[in-house]
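Worksheet for the structure shown next.
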Amino acid sequence: MKPIRILTFVLAVAASGALSGCALFPEEEEVLAPPLKAPAAVSYTTTTVTRGDIVDSVSVSGTFISTTSYDLSFDKRSGYLSELNVAAGDTVEAGQLLAKLDTDSLELEIRKQELAVERAQIALNAARNAEGATADSIRLAEIDYELQRIQLEDLQTELSKQSIYAPDSGTVSYIANTGIGQYVTARSTLIRVVDPNSLQIECTGDDVSDFHLNQEVRVQVNKEEYTGKVVMTSAEAPSIEIKKGTS
């Protein structure tokens, strides 16, 4: 009977330890349902469908340019600027003197040569009226006069190359930043004269390639709208030149 009591005791201890071990686990919490949120109200805008035109338009900006433009320079000579008779925005007439290089020494040479021509002319008249004049003496006087006259023309031509004259009537649109007494190189544009009555609009921007030759366009200037036509695109530009000139 003694062994049976020992076994009962051991089982009792084991059962007691199993019951006490359950205290190590936390009690399960009740799972809460997620909160419910009402969906936002959706509003719809409706319109009545009607038949109409789909307009494909391109808008670009531009500036006025003249179709007749003269870039003027001292084409043959460099020198120091002595006269500049116009400013940007001035109206000029054809043949008007616009600018001039320092020509004091050349003008002195011209004056001397004018006197030489006058003297040769007097000598020629005397040779023709002299008693006993021969064909040779008259011819020598004619040759001397002609040589003096040719030399005078050469000097006058040289003087004209050191002056700029307006090739046509128009408006001065550009003046180089050159002052009186400064050195001016040959063939560098000093003055630009344009015809203000012959204008076109030159447009720039990424969308200019969308235009084609002879296309009708609308132009807005100072809130006024005009109709126009495309007369040049980048494809035709190399073959069409704006009129330019030098002096």
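The loop-placed trypsin sites (Lys or Arg not before Pro) in the range 180-222, going by DSSP, that have at most 15 neighbouring Cβ atoms within 10 Å of their Cβ come out as ARG187. Normalising the average separation of contacting C-alpha pairs (under 8 angstrom, six or more residues apart) by the number of residues puts the relative contact order of the range 62-195 at 49 percent. Of the GluC sites (Glu not before Pro) found in the range 74-165, the ones in coil according to DSSP and having at most 10 other Cβ atoms within 10 Å of their Cβ are GLU93, GLU131.
None of the figures in this text is laboratory data; all of them are computed from the coordinates on show. Predicted model only: the values in this text are computed from it and were never measured. Don't worry about glycine lacking a Cβ; one is built from the backbone with ideal geometry, like all the others, and counts go over all protein chains shown.
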